[in-house]
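The values are calculated or read from the model by the stated rules, or taken from the named source; none is laboratory data. None of these values were measured; they are calculated from a predicted model. Methodologically, a virtual Cβ is constructed for each residue, glycine included, from the backbone with ideal geometry; neighbour enumeration extends over all protein chains shown.
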Amino acid sequence: MSLQPLFKNRLFMKVFASYSISMFGIYFDRVAIFLLFAYVWQERPIMLAFIAVAIALPQVIISPFAGVFIEHRNKVKVMLAADILTALFTFSLLFITNTWLFLTVLMLRSTIATVHFPAEQAIIKHIVPEALVLRAVSLNGISAQAARIIGPVIGATLAAIYSPLLCLFINGVSLLFSSLILLSAAKEKTDFSHPPIREKQPFWEDLQEGLRIILQTNTLLICFGYSFLGFFALQMVDVQFPVLFRLIAPEHPELMGWIMSFVGIGSIFIYGMMSKQRKMLYPAKLLMTSFACLAIVFISASFLTSGFPLSVPLLMSIILGIGVGLQMFVAQSVIQKETTGDTIARVSSLYHAIINVSILVAPLIGALLVELFSIYIVLKGSGILLLLIGSALLLTHKRENQERVEVTRHPSI
């Protein structure tokens, strides 16, 4: 089955175009903020970790409520309002020179952005036929990773030649373009509010039902649990890579942009492979492969020293991208497969909150460990932790298979 039916879906293509443009701006933004803190302001590792905290804390606290909030509203209009407000906060960052005020505005901006992931997942579920859902997820993933390739390279180059603030400005402009596309989509006659099959429930009952769905659906529970552990190990060192390359390649600040781009190449490769699948492959095996890729990269990076060939971290970045891409694809696909139209917003927002707990806590732990020991020891430790998580998932997967075999052999009477 080709992607042609998706391209003929006007509503999907408008939402997809908006998503693609905003993703391009996000990667401009991300490389700018880290370069600003690491190279311009010369901040300590703990301050780099606080960037992740400022972004993740609202996602942890607000995301579960955001999913319930948008479920009974027009999701395109919610995304439109969020894009406009996010653009305003982004432009305000251009005039801030105080580190803590900068982090505060980042936190406010992240609060507004909590609606995007559940709204987008719900829209895909609503307007894309089930047979094309995996392809829609893959297409979104390819777009995001293409932005990861182009955005950091151009962003890091512009930041090095001019200023990281230019990249923030470009992100603000891209959000305004995204808003214009969403405005066009919002005028379509399709109803993007809640499905008519379920009456509106009290807020807390909606939230509890979302939690109950995750706990009672084995695939969701295992996927979310191990994804959390995997992202935790990843985030312990992810934001500390500028510290590593500041030590061993201080004359190449643009290298961080190249690394982010090559991570995108790896993720595009895996999303391209997955887009050819008609049905979901074994999620547990894909997650185990992801953990192995991440572990290989982190342990290898711990042996890098000054004077290394630039091709080495770029190759490692591709492998890292494969690992990250697999985790993201598995989570999005399982959410689409294991939910209904009236539960997907809540489940996806709860997943977003769970993952952001790791993004909130792990960078702080990683930064403290880097300051206590060294970036090299933390890289090795994270790699070993990922191998242990993968081994635990393997045992869980084997036990699940054995239980299925037992049920088949001895069905209940």
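The table that follows gives values for the structure above.
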quantity	calculated
Breaking point among (1) at pLDDT below 85; (2) in contact with a Pro (Cβ under 6 Å, 6 or more places away or on another chain), for Val115	(2)
Scope segment 44-90; condition charged (D, E, K, R), surrounded by 24 or more Cβ atoms within 10 Å (Cβ to Cβ) and either modelled with pLDDT under 85 or more than 11 Å from Ala113 (Cβ to Cβ) (or both); matching residues	Glu71, Lys75
Residue check, Ile299 within 17 Å of Ile384 (Cα to Cα), in contact with a Lys or Arg (Cβ under 7 Å, 6 or more places away or on another chain) and surrounded by 17 or more Cβ atoms within 10 Å (Cβ to Cβ)	yes
Residue satisfying all of: in segment 337-389; over 16 Å from the mean Cα position of the chain (by Cα) and of a type in the set (S, T, N, Q); farthest from Ile62 (Cα to Cα) among these	Ser374
Residues (crowded, with 19+ Cβ neighbours inside 10 Å, modelled with pLDDT of 75 or more and either small (Gly, Ala, Ser) or in contact with a strand residue (DSSP E or B) (Cβ under 9 Å, 6 or more places away or on another chain) (or both)) located in segment 255-282	Ser261, Gly264, Gly266, Ser267
Test: residue in segment 282-294 that is within 24 Å of Ile142 (Cα to Cα) and not in a helix (DSSP H, G or I)	yes
Qualifying position, being more than 30 Å from Thr97 (Cα to Cα), modelled with pLDDT under 85, part of a helix (DSSP H, G or I) and not charged (D, E, K, R), among Leu183, Leu220, Leu207, Leu215	Leu207
Any hit, segment 303-316, residues being in contact with a Gly (Cβ under 9 Å, 6 or more places away or on another chain) and either within 26 Å of Ser391 (Cα to Cα) or among the charged types (D, E, K, R) (or both)	no
Segment 122-158, residues that are at pLDDT below 80 and more than 22 Å from the chain's Cα centre (by Cα)	Glu130, Ala131, Thr157
Residue among Ala136, Ala160, Ala119 that alone is part of a helix (DSSP H, G or I) and surrounded by fewer than 18 Cβ atoms within 10 Å (Cβ to Cβ)	Ala160
All positions within segment 359-373 that are surrounded by fewer than 23 Cβ atoms within 10 Å (Cβ to Cβ), modelled with pLDDT of 80 or more and part of a helix (DSSP H, G or I)	Val361, Leu364, Ile365, Leu368, Leu369, Glu371, Leu372
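Residues are listed down the side, and each one gets a yes or a no for (1) surrounded by fewer than 24 Cβ atoms within 10 Å (Cβ to Cβ); (2) assigned to a helix (DSSP H, G or I):
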site	(1), (2)
Val312	yes, yes
Gly323	no, yes
Met328	yes, yes
Gly341	yes, no
Ala345	no, yes
Tyr351	no, yes
Ile355	no, yes
